[in-house]
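Input: a single structure, listed below in structure tokens.
The values are calculated or read from the model by the stated rules, or taken from the named source; none is laboratory data. Everything numeric here is computed off the predicted structure, so don't read it as measured data. Here the Cβ positions follow ideal geometry from the backbone for every residue, glycine too, while neighbour counts run over all protein chains shown. Accessible surface is based on the protein model in full, side chains and every heavy atom, while ligands, DNA and RNA are left aside. Shrake-Rupley method; radii C 1.70, N 1.55, O 1.52, S 1.80 Å.
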Amino acid sequence: MPATPTTTDPLQRERDHLASSRAALRAMREDVESLDLRDVTGTWVSAAVLHNQIEARIAALADLSHTPLFFGRLDYLHPISEELSEGGGGENFYIGRRHVHDADGDPMVIDWRAPVSQPFYRASRTEPMDVERRRRFGYTGGELTAYEDEHLTDPAETDTSSALLAAEIEKPRVGPMRDIVATIQPEQDEIVRSDITGTICVQGAPGTGKTAVGLHRVAYLLYAHRERLARTGTLVIGPNNAFLSYIEQVLPALGELDVAQATVQQLVGHVEVRGEDGPESARLKGDARMAEVLRRAVRAGIALPTEPCVVVRGSRRWRVPVYELIEIIEELKAREVRYGAARDALPQRIAHAVLLKMEQGGEAPDDRVQDAVARNTAVKAVVKECWPAVDPAKLVLRLLSDPEFLAACAEGVLTPEEQQAVLWPKPGRSVKTARWTQADAVLVDEANDLVQRTPSLGHVVLDEAQDLSPMQYRAVGRRCTTGSATVLGDLAQGTTPWATASWPDALHHLGKPEAHVEELTKGFRVPEEVIAYASRLLPAIAPGLAPATSVRDTPGSLTIRRIAEGEPADAVEAVVAACREALEHEGSTGLIAADARIPVFAEALAAAGLPHLAPGTETSADARLTLVPASLAKGLEYDYVVLDEPAAVIAGEPDERTGLRRLYVALTRAVSGLTVLHSEPLPEQLR
């Protein structure tokens, strides 16, 4: 238990503890920096590994001035066991983003992921979990300025909402996404601390914090299973680079630096994407049936021998008859092992057959002889003829360019009309010059896995998962076949022609049909007035989903403004004026518009002297306005949003339902206020 400060001012005592904790963290960092590795024995490899570990530890102990060391305190009714409290046996514990101890090893701040910290998120008046008092702290510019107490076991105290909690949730957003470690709610905490052995799927309405929950789950798993995940690795998959840039600071703020981030396209980057599919072609290429087409294509070259294999060694000739070769090949085909693994096994199997004949002939061959026979020219010739090497990219190139080959592989799987839609309009000449599309790259990845198994990670977080095709789910699933996954998404925000219809379907394609699905409907980010307005679209875009609610009742957060008919410039000027108005408030502003209208607004904002950023670029005090194409708005959030012309957002999509879903996304990006401007009629659901 921390030493009790001598001052009688409660707020000053907490400030003193913060100062002492920062000093202790600096001492911890200095201790690591002072380590002398020159006398450490071992190879240069082990020395390099140790050096990297030390550097990572130093980085993890950084004291970020904008990130308070602790945000809460728990006062227990009874002492906590030493094992549970990370070595502390006291009754009060400060809860923060990382563990900090003093010179004697006693904890000054407890990591939020430790078991003793869990009641900070879960304790209530009905179930206090032995907590007498929960204290929350308020900060301004890194300085501790306030605290707020809940006496969970005092029947005389009324149950009121936390003003500091609300202030933290509503704090203006400038810069990348922040962690929510100080505001995690009980239902979120339950997901965060779910066991690593199971895959969990979170259906989350806008503003429910599903992305933050997924990131904090990674941080928790790294804390609870660090050695395991250090060996197997973790990966966060987002929909685009703008989204990844937005979330990239969350895990480092929690002291976790070794988590890779990628988009699905980066995962399957075997070929250079230079082309674009039409909606129907992309949908068919993303269909799970393409996996069977590719399986047939990969194995299409397998042939049965017509001549025996004769191996010459010294003065003797050893003959493996045709029927034995056929048996070997048929057995390998029946086992359904990876194509490349079977091809590697084939020469050894033929060589083993030769060794059996050598033993019958009175010789005593060993493993070295078998390896030599496997490398024999005659054996290699059989393998080349019967089980030829497959280049995944060349195979897909042929499949999409050769109608006869596609027809043979897709017989009974795709109709002739579907086959025609999948074929390239202009056949590709080579892997390098072909105009590969994003869907094609996923097919190459599937073919690559059919030839050689894709390595598996320990845990994968897949965000905005509702937009993936079945083949993309398979690509992600290959990365966690022996690990677990956290799947995050919202069926109402599916904005691709192949968007998933249900989570059971998606999880089946992911290879995790046993995953548990959790639904988050209580919003903390989007004001109630805004989410209620956007939820009018749900019956048309996702009739099975319950509408979201919000804990934030912010009157006046929604403005719908009709622009009088006139010149197009009038509408643009009205949008620019709305941006100026939004920028008068503290925090970030996002101008969301249909993709086709972005160049017009970029020019208008520049002419008006309003500096603006592209999505994913970190906002600052000098540049708080981001110009956002509607297609990139998903997953982003801004304090104030100006939404231009909903009808244009809808018209920018291939069909009305997808357009309404895109509009639903755009309507739910605001944290404090939303202004919708339109000159064309709003969709009937919003009138």
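When Leu74, Leu18 are checked against the criterion of being assigned to a helix (DSSP H, G or I), at pLDDT 65 or above, surrounded by 12 or more Cβ atoms within 10 Å (Cβ to Cβ) and hydrophobic (A, V, I, L, M, F, W, C), Leu18 stands alone in meeting it. Is it the case that some residue within the stretch 584-597 is buried (at least 20 other Cβ atoms within 10 Å of the Cβ), modelled with pLDDT of 90 or more, under 15 Å from Val671 (Cα atoms) and among the charged types (D, E, K, R)? No, that holds for no residue.
Once the stretch 142-158 is narrowed to residues that are open to solvent by 60 Å² or more (accessible area, probe 1.4 Å) and closer than 19 Å to Arg13 by Cα, the residue that is nearest to the chain's Cα centre (by Cα) is Glu143. Restricting Ala262, Ala242, Ala212 to those that are at negative phi and touching a Leu at 6+ places or on another chain (Cβ under 6 Å) reduces the list to Ala242.
Condition check for Leu69 on (1) closer than 21 Å to Phe93 by Cβ; (2) modelled with pLDDT of 85 or more; (3) open to solvent by 50 Å² or more (accessible area, probe 1.4 Å): one failure, at (3). Checking the stretch 309-326 against the condition returns no match, with no residue being open to solvent by less than 50 Å² (accessible area, probe 1.4 Å), in contact with a Leu (Cβ under 7 Å, 6 or more places away or on another chain) and within 23 Å of Asp440 (Cα to Cα).
Go through Ala303, Ala291 for me and flag whichever is among the aliphatic types (A, V, I, L, M) and closer than 19 Å to Glu385 by Cβ. Residue meeting the stated conditions: Ala303. Of all the criteria given as (1) modelled with pLDDT under 95; (2) closer than 23 Å to Val213 by Cα; (3) more than 21 Å from the chain's Cα centre (by Cα), the one not satisfied by Thr500 is (3). Counting only residues that are at pLDDT 90 or above, within 18 Å of Val213 (Cβ to Cβ) and among the basic types (Lys, Arg), the stretch 505-557 holds 1 of them. Kindly indicate whether Ala633 is surrounded by fewer than 23 Cβ atoms within 10 Å (Cβ to Cβ), within 23 Å of Leu538 (Cβ to Cβ) and hydrophobic (A, V, I, L, M, F, W, C). Spelling it out, it is not the case that Ala633 is surrounded by fewer than 23 Cβ atoms within 10 Å (Cβ to Cβ), within 23 Å of Leu538 (Cβ to Cβ) and hydrophobic (A, V, I, L, M, F, W, C).
The rows are residues; the columns are (1) buried (at least 24 other Cβ atoms within 10 Å of the Cβ); (2) polar (S, T, N, Q); (3) within 18 Å of Val460 (Cβ to Cβ).
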position: Pro186; (1), (2), (3): no, no, no
position: Ile200; (1), (2), (3): no, no, yes
position: Ala205; (1), (2), (3): yes, no, no
position: Val213; (1), (2), (3): yes, no, yes
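Taking the listed residues Leu663, Leu674, the one that is in a strand (DSSP E or B) and touching a residue at least 24 places away in the same chain (Cβ under 8 Å) is Leu674, with no other qualifying. Out of the stretch 487-535, which residues are outside any loop (DSSP other than H, G, I, E, B) and within 19 Å of Ile650 (Cα to Cα)? Selection gives Leu491, Ala492, Gln493, Val530, Ile531, Tyr533, Ala534, Ser535.
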